[in-house]
Amino acid sequence: MGFFLLANHALFGTKHLILIAVSCLLCVGIFFLLKKKSFTFVCKTMFFVGLVSETIKIFYYTIANEETMGGILPRSDLPFHLCSIQILFFVFLCFGKSEKIKRYLLAFMRPSCLFGGIAAILIATTSSRNGGWILTAQYFGYHFMLVVFALYLYCSNEIKFDIRDYFNCLKFLVVLMFFSFYINSILYDGVSNINFMYVAGPPQEGLPFLNEESGWLVYILRYALLVVVCVSLSYIAPIITAVKGYFKKQKTTAEIEQSEETTEEIALTQDKE
């Protein structure tokens, strides 16, 4: 592994800050190139990006662990993290037939690609900061492209999200949480650092909010709260629209009932006369 961990660049050190800045610039530039493209074209682009990214990762970590594992990809590098699993979703968006399932996936991908991609860039893994240039390019390139895709979903005229997508996203998250618990348990061998979706522990040590100083239960509750807040923020416009629509409907109903009562009173008065 010595060749593959070339240096020790700290989180938010000089190299990391440069990578964040470059990622932001490329993200903005590519977003403006893609925002006028069709949804199908963007999905196919993301499928290609994901395919290249996963291919690089497979070969990199397999070669890096060749002395101890031969030609086996370590379990910890399987595509079951929040960002890696998006590749499977892009496959379905490109080749799947069910529009209902696609809608469920997009409802989830809208916040997860945005906040997951940003979080991955800000809390970059040790190997992405200190590994070879190809792994650094793969890691940051793939994650800023997830942010580009999320921004495209926000600005696209082809897809309009509403309050139902918000609740579908929350339901999808619950299913994914249980999947994460089970897959971590299945793959854990007592040696590998298995922590898919970061339900087993924080993504990095020493984080101010996401830490296990008060135990795992407090950590997972904080994590769940943070996820719900991020999802709610990403759907703030549909939520506000739904709340306004609810109160408008209530007001209209009250006005109709009041109008009917007034009509009945007038009718009774005329009958008496």
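The values are calculated or read from the model by the stated rules, or taken from the named source; none is laboratory data. These figures come from a predicted structure and were not determined experimentally. Please note: Cβ atoms are built from the backbone with ideal geometry, for glycine as well, and neighbour counts cover all protein chains shown. In case anyone asks, the SASA skips ligands and DNA or RNA and just uses the protein heavy atoms, side chains included. Shrake-Rupley method; radii C 1.70, N 1.55, O 1.52, S 1.80 Å.
Quick check: is even one residue across segment 72-86 assigned to a helix (DSSP H, G or I) and either at pLDDT 90 or above or more than 27 Å from G132 (Cβ to Cβ) (or both)?
Within segment 72-86, the first condition is being assigned to a helix (DSSP H, G or I), and the residues that meet it are 75-77, 86.
Then keep just the ones that are either at pLDDT 90 or above or more than 27 Å from G132 (Cβ to Cβ) (or both); that gives 86.
Yes, the conditions are met somewhere in segment 72-86.
Scanning segment 38-67 for residues that are in a helix (DSSP H, G or I) and of a type in the set (S, T, N, Q), which turns out most open to solvent (accessible area, probe 1.4 Å)?
By that ranking, first place goes to T40.
Answer yes or no as to whether L51 is more than 21 Å from G131 (Cα to Cα) and either among the aliphatic types (A, V, I, L, M) or touching a residue at least 60 places away in the same chain (Cβ under 8 Å) (or both).
No.
Name every residue in segment 1-35 that is aliphatic (A, V, I, L, M) and modelled with pLDDT of 90 or more, in order of residue number. Spell out how you get there, then give the answer.
Looking only at segment 1-35, we keep the residues that are aliphatic (A, V, I, L, M), and these are 1, 5-7, 10-11, 17-22, 25-26, 28, 30, 33-34.
Residues satisfying the conditions are L17, I18, L19, I20, A21, V22, L25, L26, V28, I30, L33, L34.
Consider segment 155-168. How many of its residues are part of a helix (DSSP H, G or I), crowded, with 16+ Cβ neighbours inside 10 Å and either over 16 Å from the mean Cα position of the chain (by Cα) or not charged (D, E, K, R) (or both)?
3
Looking for whichever is open to solvent by less than 70 Å² (accessible area, probe 1.4 Å), outside any helix (DSSP H, G or I), among the small types (G, A, S) and touching a residue at least 24 places away in the same chain (Cβ under 8 Å) here; the options are A120, A150, A124. Which one fits?
Only one candidate qualifies: A124.
Taking the options L51, L34, L82, L17, name whichever one is of a type in the set (A, V, I, L, M, F, W, C), within 16 Å of the chain's Cα centre (by Cα) and closer than 23 Å to F149 by Cα. Full working, then the answer.
Values: L51 fails: within 16 Å of the chain's Cα centre (by Cα); L34 fails: within 16 Å of the chain's Cα centre (by Cα); L17 fails: within 16 Å of the chain's Cα centre (by Cα).
Being of a type in the set (A, V, I, L, M, F, W, C), within 16 Å of the chain's Cα centre (by Cα) and closer than 23 Å to F149 by Cα holds for just one of L51, L34, L82, L17, which is L82.
With at pLDDT 95 or above and in a helix (DSSP H, G or I) as the only criterion, which of L114, L135 stands out?
Answer to the check: L114.
Quick check on my filter: what residues within segment 178-223 are among the aliphatic types (A, V, I, L, M) and touching a residue at least 24 places away in the same chain (Cβ under 8 Å)? Spell out the reasoning first.
Just the residues of segment 178-223 that are among the aliphatic types (A, V, I, L, M), to begin with: 183, 186-187, 191, 194, 197, 199-200, 207, 210, 217-218, 220-221.
Of everything in segment 178-223, those that are among the aliphatic types (A, V, I, L, M) and touching a residue at least 24 places away in the same chain (Cβ under 8 Å) turn out to be I183, L187, I194, M197, V199, L207.
Can you give me the number of residues within segment 179-194 that are modelled with pLDDT under 90 and either of a type in the set (S, T, Y) or within 19 Å of the chain's Cα centre (by Cα) (or both)?
Total meeting the criteria: 2.
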